[in-house]
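Student: So that we are looking at the same thing, I have put the structure below in structure tokens.
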Amino acid sequence: MLISFSVTNYRSIKDTATLSFLPVKAFKELPGNVFKATDKINLLRSAVIYGANASGKSNLLKALEG
């Protein structure tokens, strides 16, 4: 189970980039997208990576692969 993933200094990613599946406390729009992983941890079922062209979205996924 993936809770969060951070990468630094990989390909075009110079500073730290973090992909987190922890919901913020104000998250109420899609309660079906949150599940109880343990007694103390709720996680998102899905997340979205968005940004401008050439901002490192694909490189973040490549870092996850390997």
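Student: Which of the residues that make up region 30-66 are under 22 Å from Lys14 (Cβ atoms) and of a type outside the set (A, V, I, L, M)?
Tutor: Across region 30-66, the qualifying residues are Tyr50, Gly51, Asn53, Ser55, Gly56, Lys57, Ser58, Asn59, Lys62, Glu65, Gly66.
Student: Still on this structure, please answer the following. Out of Asn33, Asn9, I need the residue that is at pLDDT 95 or above and closer than 26 Å to Lys62 by Cα. Which one?
Tutor: Asn9
Student: Now, a different point. What single numbered condition from (1) of a type in the set (Ser, Thr, Tyr); (2) open to solvent by less than 80 Å² (accessible area, probe 1.4 Å); (3) under 14 Å from the mean Cα position of the chain (by Cα); (4) modelled with pLDDT under 95 fails to hold for Tyr50?
Tutor: Here Tyr50 meets the rest and fails (2).
Student: Just to check your reading of the model, which residue among Ala37, Ala54, Ala17 is in contact with a Gly (Cβ under 7 Å, 6 or more places away or on another chain) and of a type in the set (A, V, I, L, M, F, W, C)?
Tutor: Sole residue among the options that is in contact with a Gly (Cβ under 7 Å, 6 or more places away or on another chain) and of a type in the set (A, V, I, L, M, F, W, C): Ala17.
Student: A follow-up question, please. May I ask you to verify whether Leu60 is of a type in the set (A, V, I, L, M, F, W, C), surrounded by 12 or more Cβ atoms within 10 Å (Cβ to Cβ) and part of a strand (DSSP E or B)? Give the derivation first.
Tutor: Working: of a type in the set (A, V, I, L, M, F, W, C): yes; surrounded by 12 or more Cβ atoms within 10 Å (Cβ to Cβ): yes; part of a strand (DSSP E or B): no.
Spelling it out, it is not the case that Leu60 is of a type in the set (A, V, I, L, M, F, W, C), surrounded by 12 or more Cβ atoms within 10 Å (Cβ to Cβ) and part of a strand (DSSP E or B).
The values are calculated or read from the model by the stated rules, or taken from the named source; none is laboratory data. Keep in mind the model is a prediction, meaning the values are calculated, not measured. FYI the Cβ positions are ideal-geometry reconstructions off the backbone, even for glycines, and counts take in every protein chain you see. In case anyone asks, the SASA skips ligands and DNA or RNA and just uses the protein heavy atoms, side chains included. Shrake-Rupley method; radii C 1.70, N 1.55, O 1.52, S 1.80 Å.
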